[in-house]
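Since every read-out is calculated from the coordinates, none of them should be taken as a lab result. Since the structure is predicted, the reported quantities are computational estimates derived from the model, not experimental observations. Please note: Cβ atoms are built from the backbone with ideal geometry, for glycine as well, and neighbour counts cover all protein chains shown.
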Amino acid sequence: MTPTADTILFNAALITMDPARPSATALAIEGGKIVSVGTDDEVLALKGPSTKLIDAKGRTVMPGLNESHIHLFVGAVELSQLSLFEQSGFETIKGLIHTYAAEKPDLPIVLCGSADYTILGEGRSLDRHVLDEILPDRPLALMSPDHHTVWANTAALDKAGLLHGRALSAGNAVVMGDDGLATGELQEAEAFGPIYELTASGGRDKLGMVSGLDPATPPSPEERAADKDVLERGLRHLASYGITSFQNMDGNRYTLELLAELEREGRLLCRGRVPARYISGRVEEALDRAEEMRDACDTPMLTSGAVKFFIDGVLDSYTAVMSAPYEGRPDWSGAPRFEPEFFKSVCAQADARGLQIAVHSIGDRATQIVLDAFAEARAQNGARDSRHRIEHLEVVREEDFARLKELGVTASMQPPHPPGQCGLPFEPTITRIGKANWPRAYAWRRMRDEGIPLILSSDWPVSSVDPWASIHSAMTRQPWHESQPDNRQTLDEALQAYTTTAAYAEFAEGSKGMLREGYLADVVLLDRDLSATAAEEMAEVRALLTVCDGRITHEDAAL
């Protein structure tokens with residue numbers, strides 16, 4: 001007897017990402033797997049009395065998108081916070097914050113996101129005095145879009161125990177004023193972690209990023225339930241964009257446990273990969289946690305097995321580690337989070353345990369340090385299929401492109417991040433980079449030309465998680481000067497970075513990233529035929545239907 005399918009999509013313009021069969025018009029799903037890809041007649045032969053038939057009406061059906069670099073818990077929480085994205089001027093932000101604070105009188109701290117470094121306009125910087133003018137009687141803090149700087153008012157600094165400063169590890173700073181008190185600018189997670197602790201959740205959502213540790217006080221059943229609801233809201237947000245897999249870039253056991261509980265409850269709407277996070281402390285204990293997370297969770301829906309590090313910060317706050325001093329600061333090129341020799345030892349130990357390593361590295365000197373550590377790990381442990389990753393790679397030394405290829409590093413980059421893209425201002429970032437470095441900044445085309453595996457993502461909530469905004473940026477970004485390289489990607493290249501190469505980056509290329517018989521049933525139906533869509537229109541693309549593991553996780557009313 002001919003087997004029947006649970007779901008059939010037909011009359012479609014399939015983009016399979018499968019080189020053996022790049023296009024088709026229909027596919028069938030049964031039991032969480034793709035069981036047929038072909039013509040309408042071939043696939044509809046699997047129709048049974050209970051098969052769900054979906055007429056794509058000539059629109060694109062493609063593999064579900066794989067978001068390779070996000071912060072799920074943080075992003076889910078921030079869906080309900082005030083965003084100051086693309087807002088500017090003191091009176092504008094004052095009005096928005098007053099309205100938001102009045103609507104939320106019970107918040108222990110008013111925390112707002114996406115406050116650009118130049119939000120007050122040229123010549124005026126955020127500090128506690130400015131924020132005291134806006135909200136003097138309640139704790140108030142503004143987070144930069146890149147999540148590497150927080151500005152807090154006096155009430156927040158005092159409540160968090162930061163007003164008089166605090167000793168921190170390299171790369172983190174409570175910026176102090178001439179009066180001996182904190183200015184309100186807090187650079188990097190260790191500095192502003194105490195601000196997060198003032199939030200209603202006690203900062204549980206941020207622990208995977210700030211410390212990598214679990215909550216010091218075990219959350220109550222009610223708190224765990226609330227945290228799971230927040231995560232599910234974030235997963236629904238991902239699914240609404242056609243995302244069926246995410247690779248988290250912060251993590252702890254608590255986050256992994258919550259997601260595992262969601263999986264058992266049938267509420268895990270996207271496949272996830274969650275790393276351990278190392279900030280400081282005993283390396284052996286941190287790597288033990290990473291191995292425990294890997295061994296505790298290895299299902300088709302949820303995996304671990306990676307460890308995430310930061311080697312530097314970001315350009316806008318002068319915390320990215322550069323080879324040459326910053327313009328206007330001849331005595332400063334940034335300080336690495338770890339001493340290079342120590343970092344070599346940490347990476348060698350992680351690699352010896354079979355863990356994948358992902359490192360946030362933005363400055364060109366930072367990437368040199370990371371590559372030196374990866375090379376040391378290979379020298380000590382021997383070459384293996386490690387697929388270690390570097391996240392961001394915003395500026396790269398000329399000699400390090402060849403090293404990225406030689407060491408088999410995956411380049412994890414974000415099209416929304418270059419200055420001028422997706423609503424970001426050019427300044428101060430373009431000046432921080434330095435004109436001499438422009439040809440090697442956000443060098444997507446160079447990565448491809450060198451044969452370096454390239455994955456693209458959003459870094460949500462740093463940028464919108466919308467993959468079509470990211471793909472639009474990847475396909476349309478213009479050089480800052482006519483003498484600079486053209487880094488635009490083709491549609492096929494951008495889709496590869498969100499499907500097949502993204503699956504490769506998490507060792508899953510044999511089961512997802514393509515529409516192929518036997519592969520996991522992770523599929524998205526779009527609102528148009530991509531092949532007939534201009535690059536300039538890619539940001540308008542929307543997902544009408546998202547299917548993960550054979551079940552519908554998002555269905556637009558327009559379908």
Note the angle between two axes, namely the Cα long axis of helix 467-476 and the longest principal axis of the Cα atoms of the chain, as a number of degrees from 0 to 90, rounded to the nearest 10.
80
Per-pair calculated FRET efficiency, R0 = 60 Å: Glu133 and Thr4 via Cβ, rounded to 0.05:
0.35
Likely footprinting exposure, Trp480, Trp468, fewest C-beta neighbours within 10 Å first
Trp480, Trp468
Computed FRET efficiency, Cβ-Cβ of Glu427 and Asp556, R0 35 Å: what is it to the nearest 0.05?
0.35
Above-threshold pairs, the threshold being 24 Å between Cα atoms, out of Lys344/Lys435; Lys308/Lys344; Lys33/Lys308; Lys94/Lys159
Lys344/Lys435; Lys33/Lys308
Rounding to the nearest 10 and keeping the result within 0 to 90°, find how far the Cα-based axis of helix 221-239 lies from the longest principal axis of the chain.
60
Within 10 Å of each residue's Cβ, count the other Cβ atoms and sort Leu65, Leu168 from fewest upward.
Leu168, Leu65
Computed over the stretch 165-311: relative contact order in percent, which uses C-alpha pairs under 8 Å that are six or more apart
18
Please list, in order, the residues from the stretch 86-112 whose amide nitrogen is less than 11 Å from a point placed 7 Å along the Cα→Cβ vector of Ala200.
104-109
Here are several values of percent of Cα pairs over 37 Å apart: (i) 31; (ii) 37; (iii) 34. Which one was derived from the coordinates shown?
(i)
Cα axis of helix 283-296 to longest principal axis of the chain: angle in degrees, 0 to 90, nearest 10?
30
Which length gain, in nm to one decimal place, applies between Lys52 and Glu398 when the Cα-Cα distance is subtracted from 0.36 nm times their residue separation?
119.2 nm
